[in-house]
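The values are calculated or read from the model by the stated rules, or taken from the named source; none is laboratory data. As the structure is a prediction and not an experimental result, all values here were calculated from the model. A quick note on method: Cβ atoms are made from the backbone with ideal geometry, for glycine too, and the neighbour counts reach across all protein chains shown. Ligands, DNA and RNA are stripped out before the accessible areas are found, and what is left, the full protein with its side chains, is counted by its heavy atoms. Shrake-Rupley method; radii C 1.70, N 1.55, O 1.52, S 1.80 Å.
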Amino acid sequence: MAPPNAGDTTTRGQLGDSTNTDATTPVQVDGLTTGVTAISAGREHTCAIVDGAAKCWGKNSDGQLGDSTNNNANAPVQVTGLTTGVTAIDAYLFHSCAIAGGAAKCWGDNNEGQLGDGTNTDATTPVQVNDLTTGVTAISAGGFHSCAIVGGAAKCWGDNNWGQLGDGTKNSRDTPVFVTGLTSNVTAISAGGNHTCAVMDGAATCWGFNSDGQLGWNAGILGSATPGGVTGLASGSLTISAGEYHSCAIVGDAAKCWGYNHHGALGNGNTFSSQSPANVTGFDTAFATTTTTTTTTTTTTTTTTVPPTTTTTTTAAPAPDSVAPTTPSTTTAPTDTSPASTDAPPTTVPAPALSIIRELPAAPSPIIADESMIIGETITVSFGGFTPFEFVQLIVASTPQVIGSGYADAQGVVTISGALPNDLSGGTHTLAVYAPASGVGFAQAITVASPILPATGTPNGVIGAIVALSALLAGFAAIVAARRRVA
């Protein structure tokens, strides 16, 4: 799944052709006509390895180009200090990572410790990831976390609100921690938006957020803070890629994907999300098993342990869960960010239990100004107080029913539209905005009335006409009876 759209992206220069013009066909990246061994496309920036040196271009609001500035660049610039010996590179939302001389380096946004240097300070040049100074064979930059393989073991660091670091907790870390159970024989790793996947001994495993089945196993919507085996992929997995809300792997000589599929991201000929891996149409026998150098472009890593291999595939930011546990720490949005995703919000996240909604605090300001509504009416609400990019539901809580959903923007404000259900009874109901991943939500009492029946044109119009005619006839009969009594 493509990373979230930041709105107008034509001024970032992420195509690297020295212009800020969108292109619907490939354009030549300036200066990179030969010697390129790896490339990775992030949200609004791109990085590559050319003749052993790291180059990046595009948006640079958080120093993600690594050239010691915050200036956007529409042509490749040299990443400071990484002029030789670079064997892998990965770009994601607002940070980038690479392997140079066997050591892990990261630069850019560091609000959640995703640079791994023991601080939360952004860096416009590469910093050394703590303790990963040698033996690193793969690296992956995720939404607000990062992962690597060192000495055959998987390690992750950064944001951990959904358990995407895999250490059995939901505590964010600014230095690497071991992924539970993946201490040897890990051959591929990929950090997604809020989940992570890896291959160990040929078996595919995933952990973290699971809103749409992107973990590939029955972890529930809340997901898992430790790895679980992907259904049916216990052997033969060669490499793996975690996207924003879906995941893919090469197994034997076939491509398989699972998770969110509203836009056909699974490639299986339909748009139904799937918790179990599905064969990608046309690629069920398309991949040879002899490849050891994997270079893909998109934003989430697909890395193998054989240098000079490389990384990358897709992802973006946050998303949901459903059963309100502990509230995760707020992720401070990097500078110049935008709403979370152009993709439609997941539709598979069910409404929470009525008991949860009843415990929500009253909204400090109205969720919707007009508290009197009509059944079937479409309403639009805009409400703040959520984690940036967090998935939020709009709920009529009497049932409860989800009538709309969306993602909070970089300021934590979500805008959602939805229609009041036609089967809703008139009277007082509760309207709520609720983030299932964090359990944050607010409620407001509303008064719902039955609609005024239209005169014509719909079944309701016909009913209205019949009701009106009946009233007229009853009135006429009353008049006649009255006249008879007078007579």
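Scan the range 182-213 for residues that are crowded, with 24+ Cβ neighbours inside 10 Å, touching a residue at least 60 places away in the same chain (Cβ under 8 Å) and not aliphatic (A, V, I, L, M) and jot them down.
S190, G192, G193, N194, F209, N210, S211, D212, G213
Answer yes if at least one residue in the range 252-259 is open to solvent by 40 Å² or more (accessible area, probe 1.4 Å), over 23 Å from T169 (Cβ atoms) and acidic (D, E), and no otherwise.
Yes, the range 252-259 has at least one match.
Out of (1) within 25 Å of the chain's Cα centre (by Cα); (2) of a type outside the set (K, R); (3) open to solvent by 30 Å² or more (accessible area, probe 1.4 Å), the odd one out for C147 is which?
Only one criterion is unmet by C147, namely (3).
Say whether the condition of being aromatic (F, W, Y), touching a His at 6+ places or on another chain (Cβ under 8 Å) and open to solvent by less than 30 Å² (accessible area, probe 1.4 Å) is met by at least one residue in the range 152-169.
yes
Please find, among T180, T205, T187, T196, the residue that is farther than 28 Å from D253 by Cβ and at pLDDT 95 or above.
Only one candidate qualifies: T180.
Would you confirm, using the coordinates I've provided, whether D409 is among the acidic types (D, E) and either open to solvent by less than 30 Å² (accessible area, probe 1.4 Å) or under 27 Å from the mean Cα position of the chain (by Cα) (or both)?
yes
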